Structures are given as structure tokens and as C-alpha cells.
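Worksheet: the structure to be examined is printed underneath.
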Amino acid sequence: MEKDKFKKLTNEVGAPVADNENAITAGPRGPVVMQDVWLMEKMAHFNREVIPERRMHAKGWGAYGKLTVKKDISKYTKAKVLQPGTTTDLFIRFSTVAGERGAADCERDIRGVAVKFYTEEGNWDLVGNNTPTFFIRDVHNFSDLNRAVKRDPRTGRRSAQNNWDFWTLLPECFHQITIVMSDRGIPASFRNMHFFGEHTFSFYNAKSERVWCKFHFKTQQGIKNLSNEEATKINGMDREYHGKDLYDAIEREDFPKWTMYVQIMTEKQAKGHHENPFDITKVWSHKEYPLIEVGELELNRNPENYFAEVEQAAFTPAHVVPGIGFSPDRFLQGRLFSYGDAQRYRLGVNHNLIPVNKARVETNDYHRDGSMRVDGNYGGAPAYTPNSYGVWTAQLEVSEPPLDLEGAMYRYDPKDDPTDDCFRAGGELWRLMTEDKKQILIENTAADIAPVTENIKYRHAVHCYHADKEYGERFTKAVGLDFAKVIELSKLSNNDLNKVTYQEKMDA
Ligand code: HEM
């Protein structure tokens with residue numbers, strides 16, 4: 001602000017502006033005239049200041065920081081950003097998922113955590129959440145999940161009924177529902193939560209040997225959460241509570257830190273794994289695949305301008321660097337398309353030229369022209385390849401190692417896989433919980449599902465029962481259902497359970 005003191009007001013092309021308070025009128029009490037061009041410019045710009053919000057994760061906060069690699073994982077990956085001793089600048093954006101741009105921070109929801117690492121091999125974006133797993137696993141279900149958790153088309157209101165209807169018809173949601181309804185469903189701050197890449201990704205080393213990996217970032221501030229009552233109170237007083245907490249901590253130089261870990265699974269282990277290792281609704285046992293420490297992520301600088309840096313930030317799982325790759329996870333594959341597509345709509349085709357998104361290394365991509373091309377557009381360099389000038393040649397040596405795939409092309413339902421169990425992980429989580437955590441989970445779930453019709457409550461009760469008999473019994477009791485009926489319903493296949501718990505059948 002200091003540097004702007006005593007500077008003079010200009011229009012958008014630098015000409016001095018005479019008056020910014022009084023419109024030019026025909027006579028002291030007369031109408032405004034068209035020749036108050038500064039007024040026209042001001043009004044027209046204002047009308048165009050709102051850009052589309054992110055379709056989900058619309059409400060968010062950002063900060064800059066660095067990743068410092070302290071351990072040696074070079075036997076797994078050749079990525080320069082992950083070599084011992086390397087420090088890489090980054091930008092992070094935390095978000096809620098269901099709420100719009102003006103939503104309150106302390107809602108029960110998962111938190112998005114998207115990190116852009118400005119590496120010397122180009123940008124690597126890790127676009128994760130504060131849970132190690134996700135609701136669903138087929139990319140087809142993604143838009144429907146968001147339709148179910150966002151606003152009802154008729155009332156324009158959020159609807160617990162829609163939410164729980166969708167979640168319970170897809171049993172793979174169960175593990176994530178258990179997490180969201182647990183004490184971790186409303187973090188006390190972004191600083192007090194872990195975050196995860198969730199998907200299975202891959203690493204490959206200098207010898208082109210591939211392993212599968214998962215990313216974990218554990219808070220050094222300790223886990224802290226809010227109860228429903230605390231969150232309701234905070235939301236009533238300060239809807240920007242988490243944003244303020246992050247900003248203030250960085251301003252007072254209390255820099256939040258996370259320890260980065262990876263889990264590694266070899267290709268051979270993946271083939272013999274007891275369930276699909278590429279299913280995002282499953283987690284890998286820490287006992288079998290222990291956390292391997294990598295380094296430390298620290299946040300240490302607030303953005304100068306919210307719109308320029310946070311609102312215009314654009315992350316995509318498609319941005320990887322040599323040594324880090326994707327996996328056959330069908331959900332991840334869908335994301336590889338979706339983000340860039342959304343950003344071409346939300347920010348325009350040249351959004352990677354916006355400073356927060358721009359790589360810190362030279363880019364030579366051949367993309368030309370397009371709306372808001374504000375740099376030199378590669379001047380007179382050849383616009384085609386191959387060319388005879390040796391300009392911007394592809395680098396075959398950075399190719400990922402080949403991957404063997406199996407099976408015929410078909411629409412496979414993961415529930416038909418005999419190794420698939422949608423309730424095991426949720427049950428294990430329940431049994432890991434202390435008694436007070438179990439009680440919080442039951443109370444939160446009962447409160448959240450209270451406005452929902454009975455047929456859907458039965459569906460969830462059966463899922464709880466499949467996960468753990470005690471979990472099923474306590475949920476059933478908390479919402480006043482008939483436990484004998486839950487046991488009867490639990491004998492049905494998933495398809496039959498869904499059918500008999502359709503609204504009209506239960507009402508009959
Ligand atoms: C097929 C599944 C998914 C699709 C199609 C999808 C699509 C999208 C889209 C279109 C956006 C808005 C992007 C923008 O406008 O910049 C978004 C944001 C986001 N997604 Fe997903 N998503 C999927 C699953 C996931 C999963 C599994 C995670 C976590 C592991 C995740 C984490 C995020 C985060 C953190 C953001 C906000 C990024 C930011 O801060 O700008 N999404 N997603």
C-alpha cells in the first residue's frame with residue numbers, strides 16, 4: 001500500500017481521471033451524458049468482475065510455501081522435486097467441497113487440499129483431500145455425487161435426503177461417510193488436519209523401474225476438530241474462520257508444517273494384493289505398506305491478492321513431472337480430463353499464463369493464440385512440428401515405462417469383483433475408534449440423517465451392520481429403527497437391498 005501513496009488515478013490505459021465521485025451531467029440537476037466515458041468504463045468493468053466459480057471446491061483459501069526433501073527415495077523416483085536436499089516453492093489451496101464461493105468455512109464436509117509444486121522440471125500438481133479415501137470410484141458417479149450434495153433442483157436448498165439417498169445406493173461410499181460423520185468431519189483449522197493424494201499414483205526411477213505409491217501429509221500442529229455445536233456457533237460469528245486462521249498464523253510467522261510420507265507397493269505386490277489396489281475407496285494397510293518419510297511441507301507467505309492468486313489458481317492431476325505417473329485407477333483417469341477442461345471454461349484457454357499458475361521454468365508448448373494471450377505468443381518461432389530447425393523437440397527419454405494391462409474392454413462393475421468388500425475398511429475404522437469417538441460418530445450420523453426418510457436410514461443401518469455388528473446396532477438404536485428388520489435386510493444382496501428400500505416399496 002505504501003508504494004501506491006500519492007499516485008494519481010488513471011483510466012485503464014493510463015490517462016488521468018478528473019473526477020471519480022461526480023458524474024458529468026447536463027446541468028446541475030440534469031441527466032448523465034454519454035461522454036462521461038470514465039463512468040462507462042467503470043460500470044462496464046464492474047459488471048464483468050465475477051467469473052464462474054469452481055463447480056465444486058468453490059470456497060477456498062491459499063498460501064505459498066516450500067517442500068524440503070529430507071530423506072532419500074531416489075530408488076523409487078527420479079523426480080527432481082523429490083531428490084534429497086531439494087527445496088521447491090509451492091502454492092496451496094484449501095477448500096470445502098459442497099459449499100459455494102460464499103459458504104461458511106466450518107461445515108461438515110471433506111476439505112480439498114491442492115498443491116502446485118513449481119519444480120525445475122515444470123509444475124507438479126497434487127490435488128488431494130483431507131481424507132485417505134473417497135466416496136465413489138467410477139468417474140461416471142462424480143457429477144451425480146455433486147448434484148446430490150449440492151442444491152436440490154426444485155427447492156434450491158441443500159438436501160440431506162438427496163445426499164443420503166445417493167450415498168447409500170452406492171455402498172462404496174460407506175468408508176468415506178464414516179470418516180465425514182466422525183469427529184474429523186469438521187477440522188478446527190486447515191493447519192490441524194492431515195491431507196492425502198488419495199489415489200494410487202506411480203513412481204519410476206532412473207532405471208525406468210515402476211512402483212505404485214500413495215501420498216500422505218501429516219500435520220505437525222496435531223489433529224484438532226470441532227463439534228457440531230462449536231462449528232454452528234463459529235459459522236454464525238465468522239464464516240471465514242479457517243481462512244482467517246491460516247492467514248493470521250502465517251502473518252505472525254507461526255508457519256504451519258506437514259511431514260510428507262509415501263506408501264510404496266511394487267507391481268508384483270499389486271498383482272497379489274487382496275483387493276484392487278487402484279480402487280480409491282480402499283486404503284493400503286500401514287502395516288503391510290509402511291509410511292516412508294520424505295520431507296517437510298511448510299506454508300510461509302500469504303498471497304498479495306485473493307482473486308489473482310487464489311481464485312485464479314488452477315490445479316490438475318494431469319500435471320506431473322518425469323518420475324511421477326498415473327495408475328490404472330479409473331477415477332484418476334477421469335480427473336485427468338476434467339480439471340483442464342473446467343479451467344478452460346472458468347479462466348480461459350491461456351490460464352496457465354496467469355502468474356500463480358505459470359511454471360517457473362521456460363515453457364515451449366507450441367500452443368498459440370487464444371483468448372487473453374498476454375505474453376509474446378512465442379514471437380516468430382515455428383508454429384509446427386516436426387520442423388527442420390530443431391525447435392522444441394520432444395524428449396522420448398522422459399517416457400513412462402510401458403505398463404502391461406489385462407482383460408477385454410467392457411463396462412466392469414467393481415462390485416462384481418469377488419475381492420470387493422465395501423464395508424471392511426469402515427468396520428476396521430470403527431473398531432480402531434475409542435468409545436468416545438464411536439459415540440461422536442453415532443451422534444453426528446444420527447443428527448445428519450435425522451431429516452431423511454426411513455427407507456434410506458434402513459439402507460445405512462444395514463451398511464453399518466455389515467461393517468460391524470455393534471456399529472449397526474448402535475446406529476439403529478440412535479435413529480429409532482427396528483434392529484430385527486435391519487438383520488433381515490442385511491441378508492439381501494446390494495441390488496435387492498436397494499430395490500426394497502426404494503421409497504414407495506418401504507411406504508407400502
Ligand atoms: C472423477 C473424479 C473427479 C472429478 C471429475 C473432479 C473434478 C473437479 C473439477 C472440475 C474441479 C474444479 C476445477 C477448477 O475449476 O479449477 C475440481 C476441484 C477439486 N477437486 Fe476434484 N474431481 C474429482 C475427484 C476428486 C478427488 C478424488 C479429489 C481428491 C483426491 C479431488 C480434489 C479436488 C480439489 C482439492 C479441488 C479444488 C482445487 C482448487 O483448489 O482449485 N477431486 N474437481
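The values are calculated or read from the model by the stated rules, or taken from the named source; none is laboratory data. Predicted model, so just to flag it, every value in this text is computed and none were measured. In this analysis, Cβ positions are derived from the backbone assuming ideal geometry, glycine residues included, and neighbour counts consider all displayed protein chains. Accessible surface is based on the protein model in full, side chains and every heavy atom, while ligands, DNA and RNA are left aside. Shrake-Rupley method; radii C 1.70, N 1.55, O 1.52, S 1.80 Å.
Overview of values
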read-out	value
Two-decimal log10 I(q)/I(0) for region 242-312, as the Debye equation yields it once each C-alpha is a single scatterer, q = 0.13, 0.15, 0.25 Å⁻¹	-0.64, -0.73, -1.10
Simple spin-label estimate for GLN503 and ALA23 in nanometres, 7 Å along Cα-Cβ	5.0
Helix-only mean residue ellipticity at 222 nm for the chain, each DSSP H run of n ≥ 4 adding -39500 (n - 2.57), per residue, nearest 500	-8500 deg cm²/dmol
Linear extension gain, TYR306 paired with SER227, 0.36 nm per residue minus alpha-carbon span	25.5 nm
Residue-span extension gain [VAL349 to ARG154] - 0.36 nm each, minus C-alpha spacing	66.8 nm
Region 1-143 pair-distance distribution - Cα-Cα, 10 Å bins, rounded %	9, 21, 20, 22, 15, 10, 3, 1
Listed residue (THR178, PRO328, GLY99) projecting farthest to the positive dipole end of the chain, Cβ model	GLY99
Cβ-Cβ FRET estimate between LYS80 and LEU492, R0 fixed at 35 Å, reported to 0.05	0.05
Rounded to the nearest 10 Å², the accessible area of MET56 at probe 1.4 Å	40
Cα Rg, Dmax, region 246-385, angstrom units	19.8, 57
Accessible heavy-atom area order of ASP19, ASP125, highest first, probe of 1.4 Å	ASP19, ASP125
Pairwise centroid distance, computed over Cα atoms, of region 452-477 with region 188-225, Å	32
Binned Cα-Cα distances of the chain, short to long, each 10 Å bin given as a whole percent	3, 16, 25, 25, 16, 8, 4, 1, 0
Set of region 51-66 residues, backbone N closer than 19 Å to the point 7 Å along the Cα-Cβ line of PHE337	55-56
Solvent-accessible surface (1.4 angstrom probe) belonging to LEU170, in square angstrom, nearest 10	30
Share of carbon and sulfur in the accessible heavy-atom surface of the chain [1.4 Å probe, %]	53
Listed residue (LEU347, PRO401, ALA314) projecting farthest to the positive dipole end of region 312-409, Cβ model	LEU347
Principal-axis tilt of helix 330-346 within the chain, Cα atoms, nearest 10 degrees	30
Loop trypsin sites (Lys or Arg not before Pro), region 413-499 (other Cβ atoms within 10 Å of the site Cβ: 13 or fewer; DSSP)	LYS491
All-pairs alpha carbon distance profile, region 1-49, 10 Å steps from 0, percent	22, 45, 27, 6
DSSP-loop trypsin sites (Lys or Arg not before Pro) across region 291-351, with at most 14 other Cβ within 10 angstrom	none
Mean separation of Cα contacts under 8 Å, 6 or more apart, over the residue count of the chain: relative contact order %	16
In region 31-64, the GluC sites (Glu not before Pro) that fall in loop regions by DSSP, at most 12 other Cβ within 10 Å	GLU49
Per residue value of the accessible surface for the chain (all protein chains in place, 1.4 Å probe), Å²	52
Dipole magnitude of the chain about its Cα centre (Cβ charges: Lys, Arg +1; Asp, Glu -1), debye to nearest 20	160
VAL13 accessible area, 1.4 Å probe, all protein chains in place, Å² to nearest 10	130
Rel. contact order, % - alpha carbon contacts under 8 angstrom, at least six apart, region 1-49	20
Near-label residues of region 315-335 by backbone N, under 19 Å of a point 7 Å along Cα→Cβ of ARG55	315-319, 330-335
Average projection area in nm² (convex hull over Cα atoms of region 59-154, one quarter of hull surface)	8.4
Kirkwood Rh and Cα Rg combined as Rg over Rh, evaluated for region 421-507	0.96
